[in-house]
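Reviewing the structure listed below.
The values are calculated or read from the model by the stated rules, or taken from the named source; none is laboratory data. For clarity, every value in this text was computed on a predicted model and none was experimentally measured. For neighbour counting, all protein chains shown are included, and Cβ atoms are generated from backbone atoms with ideal geometry for every residue, glycine included. SASA here: full protein model, heavy atoms, side chains in, ligands and nucleic acids out. Shrake-Rupley method; radii C 1.70, N 1.55, O 1.52, S 1.80 Å.
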Amino acid sequence: MDIRALRYFVETVRRASFTQAAEALYVTQSTISKMVRQLEDEIGAPLLIREARGVHTTDVGQIVYERGQEILAGMRRIALEVQETTGLVRGTLTVGIPPMVNLLFTPVVQRFRERYPAIDLQLREATGQGVERLVASGELEVGATILPADHPELVTQAFGDYPLWVVGPGRSPLRGRKTLPFAQLAELPLLMLDEDFALTRRLRQAFRSAGFAPKVATHSAHWDFLVSMASAGLGYAVLPDPLIKRLKTADMCLMRLVKPDLKWQVGHIWPRERYISHAARAWLEVCDEVMNDRSGTGAEPISS
């Protein structure tokens, strides 16, 4: 059914006049008559009784008029909701964030909420690989992870590179050293995050490239527990710079990991072949803006 013809018909019935309907809609009377006849042909029955003193509906026409008003009202609501959504004055966005990355996002969340207060922003916490799976499956539109991502169907956009540090007990014989070559990790008992963490995946790749298997003392899903065990002398933890800055390290051994100078690279991910909502695009832009303010370097622009 032609929505324009329906609109012309409803306006004609409302004003009981082709002439007045034409004036209200800024078209010619012949255009109104033609579109109403087209609608009658499509319905297969007369909709209007045309008389010298005006027009009024047939029984079929009355049904079309009543339902037509509902349809046109629905179309107006659609147009309004689309306008509100594209204008970011309504909507919901869920962003996946790993627990080790969430501390980077406080200023991003703050600015996003200030700029788009009507968007219902929800943060879903999962490991980096967990976020990747959720985004790849379509359960999440966008998320953050440690790069490189495992899923080739995901677009990645880096927004931060941070050095890795080796944290050990204060009484460690290594205390006083500023750096530690990666190869020397082979000699140390390591306290590592669980295998589902992207940082562990990154370290495993580096171990294989260096040609040794690490001596893993234990795993944990909580970085603060790893630090506690390191402080107690149970081993050494490898953690990224943003976490180190939150620690009280005066009584601990702290060395930057070098040779190779591995980085904890954090980035956003989203599906390569799926539509990205206006709210998700706004989130990516705000994140780029905030991280650019903090680091002085921006990310690649978001492609359409």
Test each condition in (1) within 24 Å of Val101 (Cβ to Cβ); (2) under 21 Å from the mean Cα position of the chain (by Cα); (3) open to solvent by 50 Å² or more (accessible area, probe 1.4 Å) for Cys287 and report the one that comes out false.
-> (3)
Considering only residues of segment 17-56 that are exposed (fewer than 15 other Cβ atoms within 10 Å of the Cβ) and in contact with a strand residue (DSSP E or B) (Cβ under 7 Å, 6 or more places away or on another chain), which is farthest from Ile71 (Cα to Cα)?
-> Ile49
Please enumerate the residues belonging to segment 180-198 that are open to solvent by 50 Å² or more (accessible area, probe 1.4 Å) and touching a Lys or Arg at 6+ places or on another chain (Cβ under 6 Å).
-> Pro189
Among (1) part of a loop (DSSP other than H, G, I, E, B); (2) outside the structural domain of Ala282 (by the TED database); (3) not β-branched (Val, Ile, Thr) - the single one His151 does not satisfy | (2)
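With respect to Ala73, is the statement that it is at pLDDT below 85, open to solvent by 50 Å² or more (accessible area, probe 1.4 Å) and in a helix (DSSP H, G or I) true?
Values: at pLDDT below 85: yes; open to solvent by 50 Å² or more (accessible area, probe 1.4 Å): no; in a helix (DSSP H, G or I): yes.
No; evaluated as a whole, the condition is false for this residue.
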Just checking, how many residues over segment 109-164 are buried (at least 16 other Cβ atoms within 10 Å of the Cβ), under 16 Å from Val95 (Cβ atoms) and in contact (Cβ under 8 Å) with a residue 60 or more places away in the chain?
-> 24
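Restricting to segment 265-282, and then to whatever is in a strand (DSSP E or B) and over 15 Å from Leu134 (Cα atoms), can you tell me which residue is nearest to the chain's Cα centre (by Cα)?
Looking only at segment 265-282, we keep the residues that are in a strand (DSSP E or B), and these are 265-271.
With over 15 Å from Leu134 (Cα atoms) added as a condition, the list becomes 265-267.
Numbers: Gln265: 18, Val266: 15, Gly267: 12 Å.
Step by step, filter segment 265-282, then rank; the result is Gly267.
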Are any residues in segment 144-156 in contact with a Phe, Trp or Tyr (Cβ under 8 Å, 6 or more places away or on another chain) and at pLDDT 90 or above, and if so, which ones?
-> Ala144, Leu154, Val155
